[in-house]
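Chemist: Below: one structure in structure tokens.
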Amino acid sequence: MPKEHTLLAVFSLPSDVFHPGSSSVACCMVFELGVRYSYTHKTFFGYYKDDAFQKRKKIGRVEKAEGSWAETEKEWLNLYRNKIEKDEIPVLKTINANDEWLAEAYMKTNYSSISIKNFEKTVREYASFVVKLGKANLSNTAPKMQKINKNLNISNWKYFKSGTLFKIESTKGDNTNNLIEGGRCVYSRKKRIKRIRIYVVA
């Protein structure tokens, strides 16, 4: 391809850009057709992962705040058109056909922004993945579960109001469909019947 066309730019897109239709991770490549690639030419590599959108249950991807995408789009276009390197991202790089054509290959990790929450999130996601595959070793929990099952007696269970155990506060969303997925958010919702169910957003 470089023999016939020039690679102008590569943009790493958000991991959930096609949500909910697909979970494929994608990138966008921009070529100038009919112009042979010069190995002195610098290709623009943009790490455009945060497009100011977020996933919401049963809705899909929506703007985090009104007008946030317009501001992000303006910045991204300015970086590309003027070939600006901001905090080492994006990257201007001279490459050939055998090199990596992704921004991630040339970025330097900013370790100052990493916290324990990043590690916790990654470990939880990996543990969930292993459990879904059925490869998790749950042998250590088996004796405890057997003990619980043995002593479990639901004959005396009764309905109760969650307000007697928890402090109930209204959510910021208009309804549960507008709440953001992920994190450790516990919330309650009143049904048409008088019971109250507790939902945990994992």
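The values are calculated or read from the model by the stated rules, or taken from the named source; none is laboratory data. Every value quoted in this text rests on a predicted model; they were computed, and no experiment measured them. Cβ sites come from the backbone with ideal geometry, for glycine too, and all protein chains shown count toward neighbours.
Chemist: Yes or no: the range 70-93 includes at least one residue that is free of Cβ contacts under 8 Å to residues at least 60 places away in the same chain and within 18 Å of the chain's Cα centre (by Cα).
Modeler: The answer is yes; a qualifying residue exists.
Chemist: Every residue in the range 39-70 that is outside any strand (DSSP E or B), touching a strand residue (DSSP E or B) at 6+ places or on another chain (Cβ under 7 Å) and not aromatic (Phe, Trp, Tyr), please.
Modeler: Once the filter is applied, which keeps residues that are outside any strand (DSSP E or B), touching a strand residue (DSSP E or B) at 6+ places or on another chain (Cβ under 7 Å) and not aromatic (Phe, Trp, Tyr), the range 39-70 yields 41, 42, 49, 52, 64.
Chemist: Quick test for you: out of 100, 66, pick the one residue that is within 13 Å of residue 10 (Cβ to Cβ), surrounded by fewer than 13 Cβ atoms within 10 Å (Cβ to Cβ) and acidic (Asp, Glu).
Modeler: 100
Chemist: Please state which one of 130, 91 is over 16 Å from residue 47 (Cβ atoms), surrounded by 11 or more Cβ atoms within 10 Å (Cβ to Cβ) and not acidic (Asp, Glu).
Modeler: Of the residues listed, the single one that is over 16 Å from residue 47 (Cβ atoms), surrounded by 11 or more Cβ atoms within 10 Å (Cβ to Cβ) and not acidic (Asp, Glu) is 130.
Chemist: Another question, if that's okay. Go through the range 13-28 and give me each residue that's loosely packed, with under 13 Cβ neighbours inside 10 Å and closer than 18 Å to residue 80 by Cα.
Modeler: 28
Chemist: Quick check on residue 5: is it surrounded by 12 or more Cβ atoms within 10 Å (Cβ to Cβ) and within 17 Å of the chain's Cα centre (by Cα)?
Modeler: no
Chemist: Keeping to the range 8-38, report how many residues are β-branched (Val, Ile, Thr), over 13 Å from the mean Cα position of the chain (by Cα) and either outside the structural domain of residue 89 (by the TED database) or not in a strand (DSSP E or B) (or both).
Modeler: 1
Chemist: If residue 58 meets every condition in (1) more than 25 Å from residue 107 (Cα to Cα); (2) free of Cβ contacts under 8 Å to residues at least 40 places away in the same chain apart from one, which number is that one?
Modeler: (2)
Chemist: Test residue 74 against the stated conditions and say whether it is part of a helix (DSSP H, G or I) and surrounded by fewer than 15 Cβ atoms within 10 Å (Cβ to Cβ).
Modeler: So residue 74 fits the description; yes.
Chemist: Return the residues of the range 77-88 that are of a type outside the set (A, V, I, L, M) and either under 24 Å from residue 37 (Cβ atoms) or surrounded by 11 or more Cβ atoms within 10 Å (Cβ to Cβ) (or both); say none if nothing qualifies.
Modeler: 78, 80, 81, 82, 83, 85, 88
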